[in-house]
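Participant: Attaching a single structure in structure tokens format; questions to follow.
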Amino acid sequence: MKFETIILEKKDHLATLTLNRPNSRNAMNRKMMDELIMAMEDVAEDDFIRALLITGAGKAFCAGADLDIMPGGKSGEDLAAMGVEALRRSFLFKASRKIMIGIQTMEKPTVAMINGPCVGAGFDLALSCDLRTASDDAVFMCGFVKLGLFPGFGAAWLYPKALGLAKAMEMLYTGDALSAAEAKEIGMLNHVASRESLEAVTMAMVTKIVNGPPIAIRLMKSQVYKGLTSDFATMLDDAAVYESITLASKDHVEGLTAFREKRPAAFKGI
């Protein structure tokens with residue numbers, strides 16, 4: 001599948017999606033949003049793929065929505081003239097829902113490798129992933145408040161869960177930047193590395209994931225997100241079903257055999 005604004009590569013059970021508008025710091029325009037939706041659907045349906053890695057081309061991860069599509073931009077529209085209800089039903093918010101929900105509900109683990117500035121909707125995109133690594137010069141910012149906007153890509157839901165309530169409110173209210181070091185300290189990032197070693201550090205983690213048992217990992221992801229809005233008793237009921245599924249799998253037999261034989265397991269997702 002060929003794209004204009006993103007690159008999608010598949011190798012060794014891993015899909016790597018690169019935002020590819022480096023001259024605009026990978027800002028999202030309509031074309032990129034369309035292509036992100038197509039790429040998410042493709043990866044979600046590909047049984048060969050066990051994980052998705054998202055990163056940016058050049059020196060930025062993503063600068064958020066392209067300001068050229070906003071009022072006063074090169075291709076900007078008079079959004080106010082559309083009216084609130086027409087705006088709510090517009091392409092922008094339909095696309096944001098498909099992209100953000102598509103990442104989080106994808107059965108496969110998702111990882112953001114943040115190689116520079118990560119702003120606005122780009123920050124939301126990174127937070128919708130399960131895991132995050134970043135270069136030590138990466139910076140994170142909400143940005144919406146500086147433009148007099150409410151964050152329509154899910155920041156008000158994502159920030160408290162990834163940053164904690166106090167830091168989430170501070171970033172939403174002020175638009176101030178967050179450094180990679182502070183993001184790691186508060187638990188938003190799994191790993192921080194120099195720009196030169198970021199890919200190696202990220203791939204060391206991703207390789208463990210794609211070599212893991214696909215069925216068990218998919219079910220773990222499902223329960224973690226369900227647990228955000230459910231009670232413990234319900235989750236234990238589900239856990240009994242999920243563990244029964246894995247107990248009956250061939251991957252479980254392979255895992256036990258490999259453990260006893262002191263060798264790496266070769267999981268096949270069956």
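The values are calculated or read from the model by the stated rules, or taken from the named source; none is laboratory data. What you see is a predicted model, and the numbers here were worked out from it, not measured in a lab. Counting neighbours? That spans all protein chains shown, and the Cβs are built from the backbone with ideal geometry, glycine included. What goes into the accessible areas is simple: the full protein's heavy atoms, side chains included, and nothing from ligands, DNA or RNA. Shrake-Rupley method; radii C 1.70, N 1.55, O 1.52, S 1.80 Å.
Participant: If the only charges are +1 at each Lys and Arg Cβ and -1 at each Asp and Glu Cβ, what is the size of the charge dipole of region 140-270 around the Cα centre, to the nearest 20 debye? Display every interim value, and only then the final one.
Facilitator: Details: 14 positive and 13 negative charges, 71 e Å.
Here the size comes out at about 340 debye.
Participant: As I understand it, the value is the acute angle between the Cα axis of helix 91-105 and the longest principal axis of the Cα atoms of the chain; what does it come to in degrees, rounded to 10?
Facilitator: 20 degrees
Participant: Further, regarding this structure: So which lysines pass the test for Lys221, namely a Cα distance under 29 Å, with those fewer than 8 places away in the same chain ruled out?
Facilitator: Lys10, Lys11, Lys94, Lys98, Lys108, Lys161, Lys167, Lys184, Lys208, Lys250, Lys262, Lys268
Participant: Now for a separate question. With the full set of protein chains in place, find how many percent of the accessible area of the chain is carbon and sulfur; take the probe as 1.4 Å.
Facilitator: Numbers: 8220 of 14200 Å².
Reported share for carbon and sulfur atoms: 58 percent.
Participant: Could you work out the Rg to Rh ratio of the chain, with Rh taken as the Kirkwood radius (inverse of the mean 1/r over all Cα pairs)? Can you show the working numbers first?
Facilitator: Details: Rg = 19.6 Å, Rh = 19.8 Å.
Rg divided by Rh gives 0.99.
Participant: Give the residues of region 142-157 whose amide nitrogen is closer than 19 Å to a point set 7 Å from the Cα of Arg97 in the direction of its Cβ.
Facilitator: Counting only backbone N, you get 150-157.
Participant: Same structure, new question: Between Glu196 and Met1, what is the label-to-label distance in nm when each label sits 7 Å out along the Cα-to-Cβ direction?
Facilitator: In this crude label model, Glu196 to Met1 measures out at 3.6 nm.
Participant: Shifting gears a bit: Order Tyr173, Tyr242, Tyr159, most accessible first, counting only protein heavy atoms with a 1.4 angstrom probe. Write out the running numbers ahead of the final one.
Facilitator: On the way: Tyr173 160, Tyr242 40, Tyr159 0 Å².
So the residues, ranked largest to smallest area, are Tyr173, Tyr242, Tyr159.
Participant: I've got another one for you. Could you work out how far helix 30-45 tilts from the main Cα principal axis of the chain, as a 0 to 90 degree angle to the nearest 10?
Facilitator: So the inclination is approximately 10 degrees.
Participant: Right, something else. Add -39500 (n - 2.57) for each DSSP H run of 4 or more in the chain, then divide by its residues: what number comes out at 222 nm, to the nearest 500 deg cm²/dmol?
Facilitator: Values: 12 runs with 126 residues, N = 270.
Using -39500 (n - 2.57) per qualifying helix, the result is -14000 deg cm²/dmol.
Participant: In region 193-238, which trypsin sites (Lys or Arg not before Pro) fall in coil by DSSP and have 14 or fewer other Cβ atoms within 10 Å?
Facilitator: Arg195
Participant: May I ask which residue of Met113, Ala168, Leu236 lies farthest towards the positive end of the charge dipole of the chain, with charges of +1 (Lys, Arg) and -1 (Asp, Glu) on Cβ and the Cα centre as origin?
Facilitator: The one lying farthest along the dipole's positive direction is Met113.
Participant: What do you reckon, how do Val119, Val253 stack up by accessible area (1.4 Å probe), largest on top? Kindly include the intermediate steps, with their values, before the conclusion.
Facilitator: Numbers: Val119 25, Val253 85 Å².
Descending accessible area places them as Val253, Val119.
Participant: Can you work out the accessible area per residue across region 161-270, with the rest of the protein chains kept in place, probe 1.4 Å, in square angstrom?
Facilitator: Details: 6820 Å² over 110 residues.
Per residue, region 161-270 has 62 Å² of solvent-accessible surface.
Participant: Here's another thing I want to ask about it. Report the charge-dipole magnitude of region 183-244 in Debye, nearest 20, computed about the Cα centre from +1 at each Lys and Arg Cβ and -1 at each Asp and Glu Cβ. Write out the running numbers ahead of the final one.
Facilitator: Working: 6 positive and 7 negative charges, 41 e Å.
Taking the Cα centre of region 183-244 as origin, the dipole is about 200 debye.
Participant: Given +1 on the Cβ of Lys and Arg, -1 on the Cβ of Asp and Glu, and no further charges, what dipole in debye does the chain carry about its Cα centre, rounded to the nearest 20? If you can, show how the numbers build up before the last one.
Facilitator: Details: 31 positive and 33 negative charges, 47 e Å.
The dipole magnitude comes to about 220 debye.
Participant: How far is it, in nm, from the label point at Arg30 to the one at Glu261 when both lie 7 Å from their Cα along the line to the Cβ?
Facilitator: 5.7 nm
Participant: Just by accessible area at a 1.4 angstrom probe, what is the order of Leu165, Leu52 from largest to smallest? Display every interim value, and only then the final one.
Facilitator: Values: Leu165 110, Leu52 0 Å².
The most accessible residue leads, giving Leu165, Leu52.
Participant: If one takes the longest principal axis of the Cα atoms in the chain, at what angle in degrees, from 0 to 90 and to the nearest 10, does the Cα axis of helix 250-260 lie?
Facilitator: For 250-260 against the chain, the angle is about 70 degrees.
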